[in-house]
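S.K.: Have a look at this one.
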């Protein structure tokens, strides 16, 4: 093979070959430029997509951090719920025990109050019976005293009536004596019937005393 590939060609052929080569070179260069522009556009798109991807990755990191915080908060809530349920169970148990103890205490107090009320009721009935008998005795005594007082009043009225009669008789005798003094002296004092009136008067008075 010759060291010079274009040796032996004429000037026209060489010119034609050169022009053809330049034309092909320009076409290839244009193709390369077009390809380069396309590559630059693709690179720009890729950079934009890469930027978007970075943004998405950052957002994913932020979301992951938020998710981790939410999981941590959820875990805290779960622990709080468990603690609350445990305390509620303990409180319910204590409340039930307290209610049982309180119910037993209230039943005992109620029984004691019932017994006390029954005892007081019986004491009250007994006292009412005693008071009834005492009042009945007092009423009977008052009635007896009323009857006795009524009888005493009648007897007193009768005695006053008898005394009034005796005083009238004595006054009549005094009048007769003032008119006939000699007759009374001869007989030795007061007449017999006047003496009987005096004895009757003083006898009644003595009985009343």
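S.K.: Which log10 I(q)/I(0) values, to two decimals, does region 65-163 give at q = 0.15, 0.20, 0.24 Å⁻¹ under the Debye formula with one point per Cα?
M.R.: -0.88, -1.02, -1.12
S.K.: Now for a different question. Stretch residue 161-residue 74 to full length: gain in nm at 0.36 nm per residue minus the Cα-Cα span? Before the final figure, lay out the partial values.
M.R.: Numbers: separation 87, 0.36 × 87 = 31.32 nm, distance 12.08 nm.
Going from the current span to full extension adds 19.2 nm.
S.K.: Could you calculate the contour length gain from residue 121 to residue 88, that is, 0.36 nm times the residue separation minus the distance between their Cα atoms, to one decimal place in nm? Walk me through the numbers on the way to the answer.
M.R.: Values: separation 33, 0.36 × 33 = 11.88 nm, distance 4.69 nm.
That pair, residue 121 and residue 88, stretches by 7.2 nm at full extension.
S.K.: Another question about this same structure. What nm distance separates the two modelled labels at residue 49 and residue 95, each placed 7 Å from Cα along Cα→Cβ?
M.R.: It works out to 6.4 nm between the two label points.
Since every read-out is calculated from the coordinates, none of them should be taken as a lab result. Values in this document were obtained by computation on a predicted structure and should not be read as measured data. Counting neighbours? That spans all protein chains shown, and the Cβs are built from the backbone with ideal geometry, glycine included.
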